[in-house]
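Peer 1: Below is a structure I'd like to ask you about.
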Amino acid sequence: MGRKVFLSFLGLGSYNKETKKYFYNKTNYELNGNNYLSEFVQISEISLLEKDFDKIIILSTKTSSQSHFSNLKSQLVNLGVDLDKLLEVEITENMDAKSQWSWFENILSIIDFEDEITFDLTHGFRVMPIVLSTAINFLKKIKNIDISAVYYGAYQYGQAITPIIDMKEFYIINEWTDAVSRLVEDADARKLAEVSQREGNLQLPELNNKELIKAFEDLTNSIRNVEVQRIGEKAGDALRIIEKYKENASTTSKLMLNAVWEKFVGISISTDKYNKDYFLLQLEIIKLLLEHKLYMQAFTVMREMIGSVGMLIKKDDVKTTNKKGRLKRTYADIFISMLRIEERKWKFNGDKENQKNNLLDLYRKIEEIKALNLIRSLLKELVKYRNGFDHAWTSRSMFDDIDNKGNKFLDKLKKFINLLIENNILI
């Protein structure tokens, strides 16, 4: 665990024309039901928090430092702050792009890995709060900082009490957005589970939901582990849970849940038979895997899908999920061999010869509808790429056109399946 750090801006305040000096009015700053009278929001926050900070960092301009830093430092000493823990970082008052980058990099340089940060944005210099907000998001990802609070003292002249508002949740929402994006773009629910465990976000309860996150984890595990017989079922389970929570969700949660819905609705088909729906689901799964650049998994599903065509000769009691269906998968392997190898070169013996004979009528139908050359040319290339993954590319260099080939393979598979549907081989 890193340091406990307090980071704040020292602004200028109001200008007194008579004294020609900048000043702050004293006010009772209120935080968590308690208040403290001071002209400096930083003093009130540090006093009210009663936290032993390892470092107190004050960002100031030359003018604000000359106007207020000495007084601020004196009041910090009165609170019992060790001056060795105090660090003033002067930033330029210039507003050009180069200066903005210097602000950003100054902030990055003074924060250590895994620091727990309490930010105060009250007196941010001009666009500095925007720079700090960017820095917070960057530091969350690169230095794994923990945001304890992001405070803003909402001062208005003449009011008796000035509330200190914690804006932390508007920064944490970036974590949820990243997590949902990881789920949608990479089929990875781990970030969502991590954020849920770390952040008690009350504004997005529909996302911070154990039932929903467990469903997403089950789904993405099935996708990444290529459990093709369960992916449709797991997607359906997740979408049903989304449906349950989406209706009464906040606008923000609903937008995120809709993004997940749109991504996975295409694979939410549930079937335990080798029929048209099953093969259309396989195509959607392959498309999803390619989108997520899970090429090894995509090529595996392609090969098994082609073999599954051989299962069309079996009766309805052979299902994708039952024991009998699993035992009969040897037909899929035989059928792939029949499609890959020219008929004059076939060599099957024993049970394999009997299985080949049972599959021969289906093979002839594929030959008659002129789909044999299409699927044979696909298998020839597909096996070459799949073998590369099987052997970790130890016997040859990895192909540099995998992305392009994956999509071409999928296009050929779609044509093949469409031919089977059009000719009533697949119903």
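Read-outs: derived from the displayed coordinates by stated rules, not from any lab. The structure displayed is predicted, hence computed values, not measured ones. Because the Cβ atoms are built from the backbone with ideal geometry, glycine has one as well, and the counts that use them run over all protein chains shown.
Peer 1: Any idea what angle helix 168-186 forms with the longest principal axis of the chain, computed on alpha-carbon atoms, 0 to 90 degrees, nearest 10?
Peer 2: The two axes meet at around 20 degrees.
Peer 1: Amide H to amide H, which residues 5 or more places from residue 27 or on other chains are under 5 Å from it, using H placed in the peptide plane?
Peer 2: Residues meeting the amide H criterion: 38, 39.
Peer 1: Another question about this same structure. Please tell me the relative contact order of the chain in percent, rounded to the nearest whole number, where contacts are Cα pairs under 8 Å and at least six residues apart.
Peer 2: 10
Peer 1: On C-alpha positions alone, give me the angle between the axis of helix 128-142 and the longest principal axis of the chain, in degrees, nearest 10.
Peer 2: With both axes taken from Cα atoms, the answer is about 40 degrees.
Peer 1: Same structure, new question: Based on DSSP, what percent of beta bridges with both residues in the chain are antiparallel, to the nearest 5?
Peer 2: Counting DSSP beta bridges with both partners in the chain, the antiparallel share is about 30 percent.
Peer 1: Same structure, new question: Based solely on its DSSP helices, what 222 nm [θ] is calculated for the chain when runs of n ≥ 4 H residues each add -39,500 (n - 2.57) and the sum is averaged over all residues, nearest 500 deg cm²/dmol?
Peer 2: Helix contribution divided over all residues of the chain: -17000 deg cm²/dmol.
Peer 1: Starting with the fewest neighbours, write out 409, 399 ranked by other beta-carbon atoms found within 10 Å of each beta-carbon.
Peer 2: 399, 409
Peer 1: How far apart, in nm, are two points set 7 Å out from the Cα along the Cα-to-Cβ line at residue 357 and at residue 89?
Peer 2: Going by the 7 Å Cα→Cβ label model, 8.1 nm.
Peer 1: Also: By how many degrees, 0 to 90 and rounded to 10, does the Cα axis of helix 228-246 deviate from the longest principal axis of the chain?
Peer 2: Helix 228-246 and the main axis of the chain meet at about 40 degrees.
Peer 1: Now, a different point. Calculate, for residue 244 and residue 169, the FRET efficiency according to 1/(1 + (r/R0)^6) with r their C-beta to C-beta distance and R0 35 Å; round to the nearest 0.05.
Peer 2: 0.90
Peer 1: Calculate the length of the line joining the C-alpha centroid of segment 252-296 to that of segment 327-395, in whole Å.
Peer 2: Rounded to whole Å, the Cα centres lie 27 Å apart.
Peer 1: Let me ask something else about it. May I ask you to compute the full-extension gain from residue 20 to residue 66, defined as 0.36 nm times their residue separation minus their alpha-carbon distance, rounded to one decimal in nm?
Peer 2: Gain on extension, residue 20 to residue 66, equals 15.3 nm.
Peer 1: Considering only DSSP beta bridges whose two residues both sit in segment 4-166, what percent are antiparallel, to the nearest 5?
Peer 2: 30
Peer 1: What longest region of the chain stays clear of GluC sites (Glu not before Pro) that DSSP places outside H, G, I, E and B and that have at most 10 other Cβ atoms within 10 Å?
Peer 2: Here the longest run is 51-246.
Peer 1: Using a Förster radius of 35 Å, what is the FRET efficiency between residue 373 and residue 141 based on their Cβ-Cβ separation? Nearest 0.05, please.
Peer 2: 0.10
Peer 1: In percent, how large is the relative contact order of segment 271-427, given Cα pairs closer than 8 Å and 6 or more residues apart?
Peer 2: After rounding, I find 30 percent.
Peer 1: Quick one: among 63, 19, 220, which has the greatest mean-square fluctuation in a GNM of the chain with alpha-carbon springs under 10 angstrom?
Peer 2: Answer for the Gaussian network model of the chain: 19.
Peer 1: Sort segment 217-277 into rounded, prolate or oblate with this rule: let a ≥ b ≥ c be the square roots of the eigenvalues of the Cα gyration tensor; rounded if a/c is under 1.5, and if a/c is not under 1.5, prolate when a/b is larger than b/c, oblate otherwise.
Peer 2: Prolate is the answer for segment 217-277, as a/c is 1.5 or above and a/b outweighs b/c.
Peer 1: Given axes a ≥ b ≥ c from the Cα gyration tensor, I'd like to know whether segment 4-166 is rounded (a/c under 1.5), prolate (a/b larger than b/c) or oblate.
Peer 2: Because a/c hits 1.5 or more and a/b fails to exceed b/c, segment 4-166 counts as oblate.
Peer 1: Suppose R0 equals 35 Å. What FRET efficiency, 1/(1 + (r/R0)^6) with r the Cβ-Cβ distance, do residue 380 and residue 427 give to the nearest 0.05?
Peer 2: Working from the Cβ atoms, E equals 0.80.
Peer 1: With a/c under 1.5 counting as rounded, go ahead and sort the chain into rounded, prolate or oblate using the C-alpha gyration tensor (a ≥ b ≥ c being the square roots of the eigenvalues; past the cut-off, prolate if a/b is larger than b/c, else oblate).
Peer 2: The shape class here is prolate.
Peer 1: Put a dot 7 Å past each Cα toward the Cβ at residue 224 and residue 347; how far apart are the dots in nm?
Peer 2: A separation of 4.2 nm, rounded to one decimal place.
Peer 1: How big is the dipole moment of the chain about its Cα centre under a simple scheme where the beta carbon of each Lys and Arg is +1, that of each Asp and Glu is -1, and everything else is neutral? Debye, nearest 20, please.
Peer 2: Taking the Cα centre of the chain as origin, the dipole is about 2340 debye.
Peer 1: In whole Hz and in residue order, list the ³J(HN,Hα) couplings for segment 420-427 that follow from phi through the Karplus curve 6.51 cos²θ - 1.76 cosθ + 1.60, θ = phi - 60°; x for Gly and Pro.
Peer 2: 5, 5, 4, 9, 6, 6, 10, 10
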